[in-house]
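Report on the structure given below.
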Amino acid sequence: MKLNGTTISDIAARANVSKSTVSRVLNDKSVVNQQTRKVVLEAMESLGYQANAFARSLASGRSMTVGVVTQKIGSPFYDMIMQGVIQGFAGTGYSPLFVDGQWEESTELEVIRAVLGRKVDGLLLLGGDLPEQQLNELKERLPTIVVGKEIPGWENQCVYIDNISAAYDATKHLIDFGHRGIAIIQGIKQHQDAMRRFDGYAKALADAGIELDPDLVLEGDFSAQSGIVGISSLLMRGKSFTAVFCANDMVAYGARLALHRHGIRVPEDVSIVGFDDQGESAYVTPPLTTVRQPGTEMGAAAAAGLVQLMQGKPCVLPTLQAELKCRESVARVLR
């Protein structure tokens, strides 16, 4: 077999070993002792040999490819997770194959079928809306880890933060600054993150003795446009509010723009809190108070855990925490 101008025979001759030994090194077989492996690898390097991934997969029965299903390529938070995934697979020999579920269950199923057809060795699902039964079927079929979503029975195969606690802390921060009329612009309806962030918001209000006003609850879809629409709806209906908790930073950016267009100052007139802590959030005007969700770390941890699963080892996933980043978009209410 000749690849990149160099044959296994060439490597065997240079290393003074048999062709079968070279083959075992190429296929990462543990039966080769470390000194022999080192000699073979040095011979490969000196000859400029680069292993052909397809040929290796045929020999080993593994594709060395992992399917990564994101929910929206271009979404800053999911892009942070994907950067972490890339970092987590670096140096492992596995290559991620990214596909986009577009926040649609039918599309998500379609792209998962597509990557399964590529004979991937494992799956990383970033969020998503697949029913638990289908997720469990995937887990039985091949190593699978879910990022950004909590699933009963998947305790060792999920990487996520406590959205309820994080949203509670963000809302309580506004309450501690004297705010009582706190609006919320939510994420996608029925999305687990959106529902749990609403639960945290509602619990913080209840614990402070503040009655939840349904008129201050606006539907959104995690987009900046929904932030604009939400604020415009509040103002058009004449609702009184002094703060807005936004489902993510993109919604907060839109809300900030809508307030600016109506001549309402942030934070002097209305305070804003976001969620995710996108890279830009520390540099917008004013810098955004937001919940830092460790997206890059989540992606890297999920990739490392999946490698453990694919190698038949126990999966060990860290517990990651959200952190409230207090900046200038929140001001105290002056009585």
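Between a first residue in the stretch 272-299 that is over 25 Å from residue 198 (Cβ atoms) and a second residue that is part of a helix (DSSP H, G or I) and open to solvent by 20 Å² or more (accessible area, probe 1.4 Å), which pairs have beta carbons less than 6 Å apart while being 6 or more apart in sequence or on different chains?
296/80; 296/83
Residue under question is residue 62, and the condition is that it be among the charged types (D, E, K, R), at pLDDT below 85 and farther than 25 Å from residue 117 by Cβ; does it hold?
On the way: among the charged types (D, E, K, R): yes; at pLDDT below 85: yes; farther than 25 Å from residue 117 by Cβ: no.
No, not satisfied.
Which condition number does residue 318 fail, the rest of (1) open to solvent by less than 60 Å² (accessible area, probe 1.4 Å); (2) part of a loop (DSSP other than H, G, I, E, B); (3) out of contact with any Phe, Trp or Tyr (no Cβ under 9 Å at 6 or more places or on another chain) being met?
With (1) open to solvent by less than 60 Å² (accessible area, probe 1.4 Å); (2) part of a loop (DSSP other than H, G, I, E, B); (3) out of contact with any Phe, Trp or Tyr (no Cβ under 9 Å at 6 or more places or on another chain) applied to residue 318, the lone miss is (1).
Within the stretch 231-248, count every residue that is more than 16 Å from residue 171 (Cβ to Cβ) and not aliphatic (A, V, I, L, M).
Just the residues of the stretch 231-248 that are more than 16 Å from residue 171 (Cβ to Cβ), to begin with: 231-240.
Okay, now just the ones that are also not aliphatic (A, V, I, L, M), so 232-233, 237-240.
Qualifying residue count for the region: 6.
In the stretch 26-44, what residues are modelled with pLDDT of 80 or more and either open to solvent by less than 60 Å² (accessible area, probe 1.4 Å) or more than 22 Å from residue 93 (Cβ to Cβ) (or both)?
Filtering the stretch 26-44 down to residues modelled with pLDDT of 80 or more leaves 33-44.
Hits for the stretch 26-44 are 36, 37, 39, 40, 43, 44.
Any chance the stretch 187-208 includes a residue that's of a type in the set (Val, Ile, Thr) and either surrounded by fewer than 17 Cβ atoms within 10 Å (Cβ to Cβ) or at pLDDT 95 or above (or both)?
In the first step, residues of the stretch 187-208 are kept if they are of a type in the set (Val, Ile, Thr); the result is 188.
Next cut, either surrounded by fewer than 17 Cβ atoms within 10 Å (Cβ to Cβ) or at pLDDT 95 or above (or both) only: none.
Within the stretch 187-208 (the criterion being of a type in the set (Val, Ile, Thr) and either surrounded by fewer than 17 Cβ atoms within 10 Å (Cβ to Cβ) or at pLDDT 95 or above (or both)), the answer is no, since none of the residues qualifies.
Run down 263, 312, 279 and say which single residue is of a type outside the set (Ser, Thr, Tyr), modelled with pLDDT under 95, at positive phi and surrounded by fewer than 19 Cβ atoms within 10 Å (Cβ to Cβ).
Step by step, each of 263, 312, 279 is checked, and only 312 is of a type outside the set (Ser, Thr, Tyr), modelled with pLDDT under 95, at positive phi and surrounded by fewer than 19 Cβ atoms within 10 Å (Cβ to Cβ).
Among the residues of the stretch 261-287, which ones are within 21 Å of the chain's Cα centre (by Cα) and assigned to a loop (DSSP other than H, G, I, E, B)? Full working, then the answer.
Applying the first criterion (within 21 Å of the chain's Cα centre (by Cα)) to the stretch 261-287 yields 273-282.
Result: 277, 278.
What number of residues within the stretch 130-176 are in a loop (DSSP other than H, G, I, E, B) and surrounded by fewer than 18 Cβ atoms within 10 Å (Cβ to Cβ)? Explain how you work it out, then say what you get.
Let us first name the residues in the stretch 130-176 that are in a loop (DSSP other than H, G, I, E, B), namely 130-131, 142-143, 148-157, 160-162.
Narrowing the set further to residues that are surrounded by fewer than 18 Cβ atoms within 10 Å (Cβ to Cβ) leaves 131, 142, 150-156, 162.
Here the count works out to 10.
Here is a yes/no grid of residues against (1) modelled with pLDDT of 90 or more; (2) over 13 Å from the mean Cα position of the chain (by Cα):
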{"residue": "77", "(1), (2)": "no, no"}
{"residue": "81", "(1), (2)": "yes, no"}
{"residue": "88", "(1), (2)": "yes, no"}
{"residue": "107", "(1), (2)": "no, yes"}
{"residue": "142", "(1), (2)": "yes, yes"}
{"residue": "159", "(1), (2)": "yes, no"}
{"residue": "163", "(1), (2)": "yes, yes"}
{"residue": "168", "(1), (2)": "yes, yes"}
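Take residue 243 and tell me if it is in contact with a Ser or Thr (Cβ under 6 Å, 6 or more places away or on another chain) and not charged (D, E, K, R). Break it down stepwise before answering.
Numbers: in contact with a Ser or Thr (Cβ under 6 Å, 6 or more places away or on another chain): yes; not charged (D, E, K, R): yes.
Spelling it out, residue 243 is indeed in contact with a Ser or Thr (Cβ under 6 Å, 6 or more places away or on another chain) and not charged (D, E, K, R).
Output the residues belonging to the stretch 90-122 that are among the basic types (Lys, Arg) and closer than 26 Å to residue 27 by Cα.
Taking the stretch 90-122 and keeping what is among the basic types (Lys, Arg), we get 113, 118-119.
Those that are among the basic types (Lys, Arg) and closer than 26 Å to residue 27 by Cα: 118, 119.
Among the residues of the stretch 234-244 satisfying the criterion of being touching a helix residue (DSSP H, G or I) at 6+ places or on another chain (Cβ under 9 Å) and in a helix (DSSP H, G or I), which is most open to solvent (accessible area, probe 1.4 Å)?
Only one residue tops the list, namely 235.
Out of 302, 258, which single residue is within 20 Å of residue 126 (Cβ to Cβ) and small (Gly, Ala, Ser)?
On the way: 258 fails: within 20 Å of residue 126 (Cβ to Cβ).
Of 302, 258, the one residue that is within 20 Å of residue 126 (Cβ to Cβ) and small (Gly, Ala, Ser) is 302.
Assuming residue 288 fulfils every condition listed in (1) open to solvent by 50 Å² or more (accessible area, probe 1.4 Å); (2) under 29 Å from residue 128 (Cβ atoms) apart from one, which condition is it?
(1)
Just to be sure before I move on: is residue 258 of a type in the set (Gly, Ala, Ser), touching a Leu at 6+ places or on another chain (Cβ under 7 Å) and either modelled with pLDDT of 95 or more or under 16 Å from residue 217 (Cβ atoms) (or both) in the structure I sent?
Numbers: of a type in the set (Gly, Ala, Ser): yes; touching a Leu at 6+ places or on another chain (Cβ under 7 Å): no; either modelled with pLDDT of 95 or more or under 16 Å from residue 217 (Cβ atoms) (or both): yes.
No, not satisfied.
Are any residues in the stretch 239-289 closer than 20 Å to residue 187 by Cβ and of a type in the set (Phe, Trp, Tyr), and if so, which ones?
241, 245, 253, 275
Residues of the stretch 177-186 being open to solvent by 10 Å² or more (accessible area, probe 1.4 Å) and either among the aromatic types (Phe, Trp, Tyr) or out of contact with any helix residue (DSSP H, G or I) (no Cβ under 6 Å at 6 or more places or on another chain) (or both), which ones? First the steps, then the outcome.
The initial filter retains those residues of the stretch 177-186 that are open to solvent by 10 Å² or more (accessible area, probe 1.4 Å), namely 177-178, 180-181, 186.
Residues satisfying the conditions are 177, 178, 180, 181.
Within the stretch 245-252, identify whether any single residue is surrounded by fewer than 22 Cβ atoms within 10 Å (Cβ to Cβ), aliphatic (A, V, I, L, M), part of a helix (DSSP H, G or I) and modelled with pLDDT of 95 or more, and answer yes or no.
Here is the first cut: in the stretch 245-252, the ones surrounded by fewer than 22 Cβ atoms within 10 Å (Cβ to Cβ) are none.
No, that holds for no residue.
The values are calculated or read from the model by the stated rules, or taken from the named source; none is laboratory data. Remember, it's a predicted structure, so these values are computed and weren't measured experimentally. Glycine also receives a Cβ, built like all others from the backbone with ideal geometry; neighbour counts cover every protein chain displayed. We work out accessible area using only protein heavy atoms, side chains counted, and drop any ligands, DNA or RNA first. Shrake-Rupley method; radii C 1.70, N 1.55, O 1.52, S 1.80 Å.
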